[in-house]
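Below is one structure, written out as structure tokens; comments come after it.
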Amino acid sequence: MAVLTAKPPVRRSLPQGAARRAVGRNLTAYGFLCGALICFAFFSWYPMIREIILSFQSTNFVDPAQWVGFDNFRTVFADSAFRSAWLNTAAFSGLALVVGYAVPFVLAVVLNELRHAKAYLRFVVYLPVMLPPAVGVLLFKWFYDPGAGLFNQILDGFGIPPLSWLDSTSTALISLVIVSTWMNLGTGTLIYLAALQSIPGELYESAELDGAGLFRRVWHVTVPQTKLILLVMLLLQVVATMQVFIEPYLLTGGGPENATVTVAYLMYQYAFNFGDFGGGGALGLMLMVVLMVFSAIYLRVSRDNQS
């Protein structure tokens, strides 16, 4: 009986021209990758490592740095503004979630239900994102002006006494939340709108046949179908709002009575107003650790969805 043996697979080499083109494509891809890695290393990773080292040093960037251990952390902990900064940052994040997390989702639902002028309204919603942040903040500084500001003019038209939006401890922080929500409204709205448009229309048709109104369709169809993007946006918004800086820097300077001092703003004060770069580095390291916890949660949620 003849024994059949399997022939080894024949390896076919690419023609020299094709091989050269493949190598060229790979080199081009690795070139772009190296450029991105260099940018990340220079602008992200190196500053993070330098901040960790700086938090244990005392330096003015002129004389040689001295290692001081945890003295910078002790100095920061003893500062009366330290507790206020963390409480204000937590309060800002909480208010931003109540206002800035719900409003974009509601706007996306409304835009998704419209049949006309969708493109125009998307442009209007996204317009604040295209403005430089400093321009948007300074625009609201005029809106909040206690004399001729737009908001107080509107209140005066309804016979309501004017408010000291940025000069009162009771309204200063929520005023910053309104500015931040307006400036970032477009990004969240378009992300939610993209998620809504990926929901099969048959689900809404079935809900309508069952007599479900708009609210019930949103609660029983939209929310379950977009729960992942809602959770991801929640985590990303917490990470973003805990780094709030430009609003208190340009509008209130941390006042009144430290009512709007945030961790990022206090870090800036330590480094550039007090000349204590070690204290600023210590604050930055603590904030980085907190943000890493939320980033780890975000990565875990994303990984669970992909598996």
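The values are calculated or read from the model by the stated rules, or taken from the named source; none is laboratory data. As the structure is a computational prediction, the values presented were derived from the model and not from experiment. As a convention, Cβ positions derive from the backbone with ideal geometry for all residues, glycine included, and neighbour counts pool all protein chains shown. Quick note on the areas: whole protein, heavy atoms, side chains included, nothing else; ligands and nucleic acids left out. Shrake-Rupley method; radii C 1.70, N 1.55, O 1.52, S 1.80 Å.
Quick one: residue 186 ticks every box in (1) within 28 Å of the chain's Cα centre (by Cα); (2) surrounded by fewer than 13 Cβ atoms within 10 Å (Cβ to Cβ); (3) under 20 Å from residue 101 (Cβ atoms) except a single one, so which number is it?
That leaves (2) as the condition not met.
It is to be established whether one or more residues within segment 218-227 are under 22 Å from the mean Cα position of the chain (by Cα) and within 30 Å of residue 288 (Cβ to Cβ).
yes
Can you name the residue in segment 62-84 that is open to solvent by 50 Å² or more (accessible area, probe 1.4 Å) and under 31 Å from the mean Cα position of the chain (by Cα) and is also farthest from residue 259 (Cα to Cα) among such residues?
This residue is 70.
For residue 103, state whether it is open to solvent by 50 Å² or more (accessible area, probe 1.4 Å), without any contact (Cβ under 8 Å) to a residue 40 or more places away in the chain, in a helix (DSSP H, G or I) and within 30 Å of residue 140 (Cβ to Cβ).
No: the conditions fail for residue 103.
With open to solvent by less than 80 Å² (accessible area, probe 1.4 Å), without any contact (Cβ under 8 Å) to a residue 40 or more places away in the chain and out of contact with any Leu (no Cβ under 9 Å at 6 or more places or on another chain) as the only criterion, which of 150, 121 stands out?
Values: 121 fails: out of contact with any Leu (no Cβ under 9 Å at 6 or more places or on another chain).
Result: 150 is the single residue among 150, 121 that is open to solvent by less than 80 Å² (accessible area, probe 1.4 Å), without any contact (Cβ under 8 Å) to a residue 40 or more places away in the chain and out of contact with any Leu (no Cβ under 9 Å at 6 or more places or on another chain).
All but one of (1) open to solvent by less than 60 Å² (accessible area, probe 1.4 Å); (2) closer than 24 Å to residue 106 by Cβ; (3) in a helix (DSSP H, G or I); (4) not charged (D, E, K, R) hold for residue 220, so report the exception by its number.
Residue 220 satisfies every listed condition except (1).
Sort through 255, 279 and tell me the only one that's assigned to a helix (DSSP H, G or I) and in contact (Cβ under 8 Å) with a residue 40 or more places away in the chain.
Just one listed residue meets the conditions, 279.
Looking at segment 160-170, is at least one residue in a helix (DSSP H, G or I), open to solvent by 20 Å² or more (accessible area, probe 1.4 Å) and touching a residue at least 12 places away in the same chain (Cβ under 8 Å)?
For segment 160-170, residues in a helix (DSSP H, G or I), open to solvent by 20 Å² or more (accessible area, probe 1.4 Å) and touching a residue at least 12 places away in the same chain (Cβ under 8 Å): absent.
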